[in-house]
Amino acid sequence: MSRVSEEKAATPIDPKMDRAIRFAAYQQLPIWLLTLLMLDFGQMNRACTVAIISQWLLITLITYRRPQNPTRCDLLAVRFGFIPIFVITTFAQHWRTDFAIAHPYANF
């Protein structure tokens, strides 16, 4: 066997980062499923979906920049970053909906 074939093609991720990513996924799935059950015409589900996409973009960026040496702040952002992002997107969507109701002819 050649030395090139023995090397892994992808850069391995630190085990701490792997556990944080799994925690984030296990945290997001039940919250997303609960927002599907809300009877609000899908508004919370839409905000949750935007928060999930934003969180995974953040996780991708952090993992791309430091796959082997994540800082403590990186691990906290991966593990618990979904909750503040979800709160911000919920308030932003509520503000946007109130603005659209108050100004029905605004184009956005």
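Put simply, of R96, R65, R72, R79 the only residue that is touching a Phe, Trp or Tyr at 6+ places or on another chain (Cβ under 6 Å) and either at pLDDT below 95 or of a type in the set (K, R) (or both) is R79. Whenever a residue of the stretch 11-25 is on the phi < 0 side of the Ramachandran plot and charged (D, E, K, R), its partners that are surrounded by 14 or more Cβ atoms within 10 Å (Cβ to Cβ) and in a loop (DSSP other than H, G, I, E, B), lying with C-beta atoms within less than 7 angstrom and at least six residues away or across chains, give the pairs D14/P67; D14/P70; K16/P70. You will find that of T35, T60, the residue that is out of contact with any Cys (no Cβ under 8 Å at 6 or more places or on another chain) and among the β-branched types (V, I, T) is T60 and no other.
The values are calculated or read from the model by the stated rules, or taken from the named source; none is laboratory data. These numbers were taken from a predicted model, which means no experiment stands behind them. Neighbour counts run over all protein chains shown; Cβ positions are idealised from the backbone, glycine included.
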